[in-house]
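Here is the structure we will look at, set down as structure tokens.
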Amino acid sequence: MPEPSPDLVLALLADARLPVGGHTQSAGLEPALTHRGLTAADVPAFLGGRLATVVAVEAGTAVVARHRALTGGALADVEEAWAARTPSAPLRESSRALGRGYLRLAQRLWPGREPLAELGRTPPRPLVLGVVAALAGLDPGRLVRLCGHEDAATLGAAALKLDPLDPADTVAWTLAAHPRIEELARRLAPLTEPDEIPATGAPLVEELSLVHARTTQRLFQA
């Protein structure tokens, strides 16, 4: 199989139809709507909060994992740094479930590559994205933009299933989030070490994930 171009890989990874289990996620929107009373009007602010906290951790982890994959460094301490910044067990479990899906896809595209073997059997999603970025030639800025876009798109897709909305509204949310995603890209692209990963807590997201994990009637895993 020929090596896919970085732009093609970026387009594929940003596609919600990618078979990695993204349809099982709401980026915390389902519990926010059902347990905290958020409405569709609140979603842009909710997305902004996630970009400043959860996404900053995920994107920073992915950037550092990319650097390690390119330089032959170990990934274990990168994963430890991510886990320390993701205290909710349900969120860690969800990330690992998605990570397995991304890893399966990466193993088909880049069979036998050593950085993939370093990931183990249950890597969190940002570690896999970082290694994939290294293999595909994605620069750190594109990688951060991917993480930001993916979170916005996940929120939008979940919102359409949870509340009767005009799909154009969800696209507008993503476009409105662009300046914040660009700021993240400028700030996180230079990271190279695990202790540089942002430690921006998101107590509400963490709390809602624990409530959601105990909810028996739900559409999404997280």
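Only the coordinates and a few stated rules stand behind these numbers; no lab work does. As the structure is a computational prediction, the values presented were derived from the model and not from experiment. Every residue, glycine among them, receives a Cβ derived from its backbone with ideal geometry; neighbour counts consider all protein chains shown.
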Notebook entry, point to check: What is the chain's relative contact order, in percent, from Cα pairs under 8 angstrom and six or more apart in sequence?
Noted result: 39 percent
Item checked: Relative contact order (%) - criterion: Cα under 8 Å, at least six apart; region: the range 8-115 -> 33 percent
Next item on the list: Please state the charge dipole magnitude for the chain, taken about the Cα centre, from unit charges on C-beta atoms (+1 on K and R, -1 on D and E), reported in debye and rounded to the nearest 20.
Entry: 480 debye
Note to self: In the range 16-40, whose amide N lies under 14 Å from the spot 7 Å out along Cα-to-Cβ of Thr216? List them in ranges.
What the structure shows: none
Notebook entry, point to check: Glu207 versus Leu160, label points 7 Å from Cα toward the beta carbon: distance in nm?
Noted result: 3.2 nm
Check: Given +1 on the Cβ of Lys and Arg, -1 on the Cβ of Asp and Glu, and no further charges, what dipole in debye does the range 1-117 carry about its Cα centre, rounded to the nearest 20?
Finding: 160 debye
Check: What list of whole percents do you get for P(r) of the range 1-90, with Cα-Cα distances grouped in 5 Å bins up to the one holding the largest distance?
Finding: 2, 10, 13, 17, 22, 18, 9, 5, 2, 1
Checklist line | In order through the range 75-87: 3J(HN,Hα) via Karplus (6.51 cos²θ - 1.76 cosθ + 1.60), integer Hz, x for Gly, Pro | finding: 9, 4, 6, 5, 5, 5, 5, 4, 4, 5, 9, 10, x
Next item on the list: Any chance you could list the semi-axes, whole Å, largest first, of the equivalent ellipsoid that the Cα gyration tensor gives for the chain, using √(5λ)?
Entry: 27, 18, 17
Checklist line | Pairwise label distance in nanometres, Ala74 with Asp195, each label 7 Å out on the Cα-Cβ vector | finding: 1.6 nm
Check: Hey, what's the Kirkwood Rh for the range 126-170 if you take every pair of different alpha carbons, in angstrom?
Finding: 11.9 Å
Notebook entry, point to check: Which of the trypsin sites (Lys or Arg not before Pro) across the range 1-94 are loop residues per DSSP, with 14 or fewer other Cβ within 10 Å?
Noted result: Arg17
Notebook entry, point to check: What's the angle, to the nearest 10 degrees (0 to 90), between helix 203-213's Cα axis and the longest principal axis of the chain?
Noted result: 80 degrees
Check: Which whole-angstrom value gives the distance between the alpha carbon centres of the range 23-71 and the range 99-140?
Finding: 20 Å
Notebook entry, point to check: Given springs between every Cα pair under 10 Å in a Gaussian network model of the chain, which of His212, His178, His35 has the largest fluctuation?
Noted result: His35
Item checked: Neighbour cut-off at most 11 other Cβ (10 Å), DSSP loop, trypsin sites (Lys or Arg not before Pro), the range 163-216 -> Arg214
Item checked: Calculated log₁₀ intensity ratio I(q)/I(0) where the Debye formula runs over C-alpha points of the range 137-194, q = 0.29 Å⁻¹ -> -1.11
Item checked: Nitroxide proxy distance, nm - points 7 Å out along Cα→Cβ at Asp169 and Ala16 -> 1.4 nm
Notebook entry, point to check: Can you pull the three principal axis extents for the Cα set of the range 124-222, in Å, largest first?
Noted result: 41, 32, 24
Item checked: Under-5 Å amide H pairs with Ala177, H placed in peptide plane, nonlocal only -> none
Notebook entry, point to check: With point charges of +1 on the Cβ of Lys and Arg and -1 on the Cβ of Asp and Glu, referenced to the Cα centre of the range 36-179, which listed residue (Gly156, Thr174, Ser88) lies farthest in the positive direction of the dipole?
Noted result: Ser88
